[in-house]
1. What are the pairs, 6+ residues apart or on separate chains, where a residue within segment 74-87 that is assigned by TED's automatic domain parsing to the domain that holds D116 and closer than 22 Å to D18 by Cβ has its Cβ under 6 Å from a residue that is modelled with pLDDT under 85 and outside any loop (DSSP other than H, G, I, E, B)?
2. When residues of segment 156-174 are filtered for being in contact with a Leu (Cβ under 9 Å, 6 or more places away or on another chain) and either part of a strand (DSSP E or B) or buried (at least 20 other Cβ atoms within 10 Å of the Cβ) (or both), how many remain?
3. Return the total of residues in segment 70-96 being surrounded by 14 or more Cβ atoms within 10 Å (Cβ to Cβ), over 20 Å from the mean Cα position of the chain (by Cα) and under 18 Å from R121 (Cα atoms).
4. Test Y212 against the stated conditions and say whether it is assigned to a strand (DSSP E or B) and over 23 Å from I142 (Cβ atoms).
5. Got a sec? Which of E109, E140 is of a type in the set (D, E, K, R) and at pLDDT 85 or above?
6. Test L67 against the stated conditions and say whether it is of a type outside the set (V, I, T), surrounded by 14 or more Cβ atoms within 10 Å (Cβ to Cβ), closer than 14 Å to I57 by Cα and modelled with pLDDT of 85 or more.
7. Within the set of pairs 6+ apart or on separate chains, which have a first residue in segment 220-241 that is farther than 21 Å from S163 by Cα, a second that is modelled with pLDDT under 90 and in a helix (DSSP H, G or I), and C-beta atoms under 6 Å apart?
8. Of all residues in segment 1-31, which are out of contact with any helix residue (DSSP H, G or I) (no Cβ under 9 Å at 6 or more places or on another chain) and part of a strand (DSSP E or B)?
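The values are calculated or read from the model by the stated rules, or taken from the named source; none is laboratory data. Not measured: the values here are computed from a predicted model. Cβ atoms come from the backbone with ideal geometry, glycine included; neighbour counts cover every protein chain shown.
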Amino acid sequence: MSRKINCVIVDDEQDAIDLLSYRIGQLYDNINVSDTFQHWQAALAALRTNKYDLLFIDISMPGKNGLDLLKLLPGLDCEIIFVTAHDNYALKAFSFAATGYVLKPIEDEELSTAVDTAIERIMHKTMAAQNQKSASLINEKIRIPGKQGIDYVNVNDILYLESVNKCTQIATGNGKYLCSTNLGTYKYLTDGGTFFQVHRSFIINLNCIIRYESGGVVIMQDKKEIPVARNIRHDFLKLFSPDDSK
């Protein structure tokens, strides 16, 4: 999973927050501690407003404990890991579909087990969302305005889009269309997971690649050779196989 995971820590003890933040930083380079809170009111407001992938939360806190706080957030859409000194709340904690229950003092092995499970769940949710977007896009047509009128092309027929003199040339299996708008107009296609921008001048349909050359060039179904920008190659190759990116 290449993107950063945003997490939030809720614990009434600053020392505990600092220690957990340090442990996370030592164990994972893809997890960003976006926010930390010592008071349940501030945590409640943030969790209602911001989108987090992962929540680390203590149970024993003044005012409202961690379980009470979660009861106020029935629609919370993130992975939850309880980090607590008390082992007698585990059953209640898992009623919130918690990913893990880590006891203080924190042991790296126990923390890693919980976090690895959370990362796997986050990855599956992300992939499911991308597949849903991709399926929606595949069934759509895109509008291509030109000098003589407007063409409508099925998204799944597109091989690639190329920037040409501030316009966009869209290649399909049935021919090419020149659109009077720039390539950025179609950047939204990359949100679905089927299209990927490999170069500032090219967005390609990943399903229409037939070969990747080691020099950093992809060959498309129509034999078009398209360069993959040097700073993009690592992320591009990871889409297919982690081993290819070595």
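1. Listed by first residue and then by second, the contacts come to F82/A93.
2. Of the residues in that region, 11 qualify.
3. Going through segment 70-96 one residue at a time, the tally reaches 4.
4. Against the criterion (assigned to a strand (DSSP E or B) and over 23 Å from I142 (Cβ atoms)), Y212 qualifies.
5. Just a single option satisfies the conditions, and that option is E109.
6. yes
7. Hits for this filter: H234/S245; L237/D244; L237/S245; K238/S245.
8. Within segment 1-31, N6 is the sole residue that qualifies.
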